[in-house]
1. Between the range 202-276 and the range 280-341, how far is it from one alpha carbon centroid to the other, in angstrom?
2. Just to be sure I understand the model, the point goes 7 Å from the Cα along the line to the Cβ. What's the resulting residue 142 to residue 190 distance in nm?
3. Please compute the length gained on full extension between residue 176 and residue 277, using 0.36 nm multiplied by the number of residues separating them and subtracting their Cα-Cα distance.
4. Once the range 213-353 is represented by equal point scatterers at the alpha-carbon sites, with solvent omitted, what log10 I(q)/I(0) does the Debye formula produce at q = 0.08, 0.16, 0.18 Å⁻¹?
5. Evaluate the Debye formula for the range 55-347 with equal point scatterers sitting on the alpha carbons, no solvent, and hand back log10 of I(q)/I(0) at q = 0.08, 0.15 Å⁻¹, in q order, two decimals.
6. Each label point is 7 Å from the Cα along the Cα-to-Cβ direction; what then is the distance between the points at residue 158 and residue 105, in nm?
7. Would you please give the FRET efficiency between residue 263 and residue 165, computed as 1/(1 + (r/R0)^6) with r the Cβ-Cβ distance and R0 = 35 Å, to the nearest 0.05?
8. Taking R0 as 25 Å, what's the FRET efficiency between residue 94 and residue 244 from their Cβ-Cβ distance, rounded to 0.05?
């Protein structure tokens, strides 16, 4: 009897395993893949191995709306309350606000959106130190000082027609303004990193752009600023716009990867995603967010903190910038480059807030 019961339990276990395997595709289609990603960072996996993002993301598609971003609607669920609707005033950074920013709770709730998989700790940001940190460079047109590249080269806008009218065209406009108006030479890399053999493939894009950026920096040691320029992916019923100098501009967001994951309720560093410049990266984005709040309230969304590293570990002045989203027009994105260039040039000058 005991042996027979044991066989029965084994049979039930095997049957349960079979049911689990058969139901896995449906589980993944319903979003269950997020559970599998608890300790995996899609798009930035260790040692060049493949991400399991492929289990729950359509591959080989050229439809941009199907894969709007490595993060965004398909991965991290943004707090939609953080999105400023058209016409609504953003936070105006006054002297009183600068004083309030010294309180960590106020700073965190008003300046940051923190991914649930990571954490912003009080020791990560010291407002007085960070806003006085010197990021100045010597402007010149003789050699490149800023690198603009696009890990997701194919990101486009609602009325784009080809790569040149997507985020790459926006990067070209930012380059033009920085050079013509501020005398800062820019190297704009338009190589494609989010496609393989002509087929769109976001998976592994950061593994492909990273080595390319390293080579560029070796070839051009004069570069002191790295900007990975993107556009965001949001629900189709939302638009990220504000008005500046009579023009409708796409809103801009800085993203910081802080190489830290929540594990058993504790925030722990990700050992294989090292970045010795995290504090400087955070200060760099905070200075620009603060200046934007002083000059163009509503232009910049809250800084988004993510557990990834992205391509922010090569130098202190590194930034991942999201210009609008797939629901913006290309002109709205282009209009945003003038205020963005102004803020960037001010932070790269000797003056600090």
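Just so you know, all these numbers are worked out from the coordinates, no wet-lab data involved. This structure is a prediction, so every number in the text was calculated from the model and none was measured. Reconstructed Cβ throughout: ideal geometry from the backbone, glycine too, with neighbour counts over all protein chains shown.
1. 9
2. Between residue 142 and residue 190, the label points sit 2.8 nm apart.
3. Gain on extension, residue 176 to residue 277, equals 33.6 nm.
4. Ignoring solvent entirely, the Cα scatterers give -0.24, -0.90, -1.08.
5. Debye curve over Cα of the range 55-347, log10 I(q)/I(0) at q = 0.08, 0.15 Å⁻¹: -0.31, -1.24.
6. 4.0
7. Rounded to the nearest 0.05, the efficiency is 0.25.
8. Efficiency computed from Cβ-Cβ geometry: 0.85.
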